[in-house]
Amino acid sequence: MSSPCDLLLVAGTRPEALKLAPVAQAWRGSLRWCWTGQQPEVPADAAHWPWQRLAPLAHPLRRGELDRALQMGLAVFLHRCRPRAVVVQGDTASAYAGARAACAAGLPLVHLEAGLRSGDVRSPFPEEPYRRAIARMADLHLAPSARAVAQLLAEGIPAQSIEQTGSTAVDGLRQPALASTLPRCDLLVDVHRRENAGRALDRLALGLRALARGGWRIGLAAHPNQWWQRRWSQALGEDSGIARLPVLERSRWLALARTARGVLSDSGGAAEELPYLGVPLLVYRRRSERMEALESGHARQIQPQGGDELDAQIERALGAAHWPAAWPLAGDSPYGDGHAGLRAAEAIARW
């Protein structure tokens, strides 16, 4: 890594890797990919990129330990790589550490998916504090929506450093749709956020078991993190009647989602992609930073705490007669027209 490059793309989780890919595909200069090891393995659907890995982390680590280990590893990497700018995505520990390391090295910082806010610094935690901190360090803010732009401006970010690009999560929807090779399910479940790891997961498992007893075909998508797979096994117990699916590449996850009656998820990517597919989405979160789908009626919120039994809430939500038509892949759609990677690459080049 003796020769410098234009851009260093930093990722350590599956969503980061997939959302950075459209930028890399559109970028015309030199770049390198750094895998931090926040999630130990590069996901299969991003493994074809030439990742350069930091030293393996001694998992499990507390949040502060993880932040320090990632920042120290990235500091060494930046010294060897010598990029002209660093690009981080979203609100993970890897993105935060990449931002800190870039600032410490005096390197310009680009933040992809900038400006998302839940309005509560405690939820989601630590993602909300991470994204707010990165905003104070970034030199160029690539925002996925008009709401994100407005939020950055409200925080005093200079307008000339903000570009509205759309969401790179939507770019993959322009590819031909795959046919699902898995059995159709009534409800596809994909829940993996830290905020849902405790009682919220146990409560959801009870609701899903009740639906399965009532004849619902439920598919639970596995998360690459082994801890989450074990936690789901504990919550569901034996003979739950719920199909445990393998870890799916994003294109295959979307193919299965297209055939489902609805999807229950706490994934930010799902809240951006599924309204374009016209698939009803139930957002299993206390607060969301992606309000566009909730406000348009393409998504409905299922609160993890309190209220009626979850199976009854899910049945009522998906049994509603009217769900709006899918968003078009057009410039005035909330998360853009599926060319966010190209816009982001052009914005970086101009900057």
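The values are calculated or read from the model by the stated rules, or taken from the named source; none is laboratory data. Since the structure is predicted, the reported quantities are computational estimates derived from the model, not experimental observations. FYI the Cβ positions are ideal-geometry reconstructions off the backbone, even for glycines, and counts take in every protein chain you see. In case anyone asks, the SASA skips ligands and DNA or RNA and just uses the protein heavy atoms, side chains included. Shrake-Rupley method; radii C 1.70, N 1.55, O 1.52, S 1.80 Å.
Provide the per residue accessible area, probe 1.4 Å, for the chain, rounded to a whole number of square angstrom.
Computed with neighbouring chains in place, this is 44 Å² per residue.
What list of ³J(HN,Hα) couplings, whole Hz, do you get for the range 37-49 from phi and the Karplus terms 6.51, -1.76, 1.60, once you set θ to phi - 60° and write x for glycine and proline?
Coupling constants for the range 37-49: x, 3, 9, x, 10, 5, x, 4, 7, 10, 6, 6, 7 Hz.
Mind putting a number on the dipole of the range 1-128 about its Cα centre? Charges go on the C-beta only, +1 for Lys and Arg and -1 for Asp and Glu, and I need it in Debye to the nearest 20.
Magnitude of the dipole: close to 380 debye.
Using a 10 angstrom cutoff on alpha carbons, build the Gaussian network for the chain and name the most mobile of ALA146, ALA135, ALA320.
Highest fluctuation of the listed residues: ALA320.
Under 15 Å from the Cβ of ARG213, count the other residues' Cβ atoms, weight Lys and Arg +1, Asp and Glu -1, and hand me the total.
Net charge in that neighbourhood comes out at -4.
Report the Cα centroid-to-centroid distance between the range 219-248 and the range 186-209 in angstrom, as an integer.
The distance from the Cα centre of the range 219-248 to that of the range 186-209 comes to 10 Å.
Each residue of the range 175-191 in turn: what ³J(HN,Hα) in whole Hz from Karplus with 6.51, -1.76, 1.60 and θ = phi - 60°, glycine and Pro shown as x?
So the Karplus estimates, Gly and Pro as x, are 6, x, 6, 7, 8, 6, 9, 9, x, 5, 10, 6, 9, 9, 10, 9, 10 Hz.
How would you order 278-287, 73-82 from highest to lowest mean count of nearby Cβ atoms within 10 Å?
278-287, 73-82
For a quick check, take a GNM of the chain with Cα springs below 10 Å and name the residue from ARG131, ARG174, ARG184 with the largest mean-square fluctuation.
Most flexible of the set in this elastic network: ARG174.
Please express the shape of the range 97-247 as an equivalent ellipsoid: the semi-axes are the square roots of 5 times the eigenvalues of the C-alpha gyration tensor, given largest first in whole angstrom.
37, 19, 14
Would you pull out the residues with amide H under 5 Å of LEU264's amide H, same chain only if 5 or more places away, H placed 1.01 Å from N?
Those lying under 5 Å, H to H, from LEU264 are LEU188, VAL189, ASP190, LEU282.
Could you work out how much longer the chain between ALA320 and GLU65 gets when fully extended? Use 0.36 nm per residue separation minus the Cα distance between them, nm to one decimal.
87.2 nm is the gain from fully extending ALA320 to GLU65.
So, counting K/R as plus one and D/E as minus one, what does the shell of residues with Cβ under 11 Å around ALA75 add up to?
Summing Lys and Arg as +1 and Asp and Glu as -1 gives +3.
If you roll a 1.4 angstrom probe over the protein chains with everything in place, what fraction of the accessible area of the chain belongs to carbon and sulfur, to the nearest %?
In the chain, the share of accessible area belonging to carbon and sulfur is 50 percent.
Rg and Dmax of the range 180-280 over Cα atoms: what are they, in angstrom?
Radius of gyration, then largest Cα-Cα span, for the range 180-280: 12.8, 36 Å.
Taking amide H atoms as placed 1.01 Å from N in the peptide plane, list the residues 5 or more away in sequence, or in a different chain, whose amide H sits under 5 Å from that of ASP6.
SER30, LEU31, ARG84
So what J values fall out for the range 200-210 if you push phi through Karplus, 6.51 cos²θ - 1.76 cosθ + 1.60 with θ = phi - 60°, rounded to Hz, Gly and Pro as x?
Computed from phi, the couplings for the range 200-210 are 4, 6, 4, 5, 5, 4, 4, x, 5, 4, 5 Hz.
Quick check: with the 1.4 Å probe, what order do ARG343, ARG300 take by accessible area, largest first?
I get ARG343, ARG300, largest accessible area first.
Beyond 30 Å, how much of the Cα-Cα pair distribution for the chain remains, as a whole percent?
35
Over all alpha-carbon pairs of the range 1-120, lay out the pair-distance distribution in 5 Å bins, whole %, shortest bin first.
2, 12, 24, 26, 21, 11, 4, 1, 0
Which order do you get for TRP323, TRP228 if you rank them by accessible area with a 1.4 Å probe, largest at the top?
TRP323, TRP228
Looking only at HIS322, HIS298, HIS111, which one moves most when the chain is put into a Gaussian network model with springs between Cα atoms under 10 Å?
Highest fluctuation among the options: HIS322.
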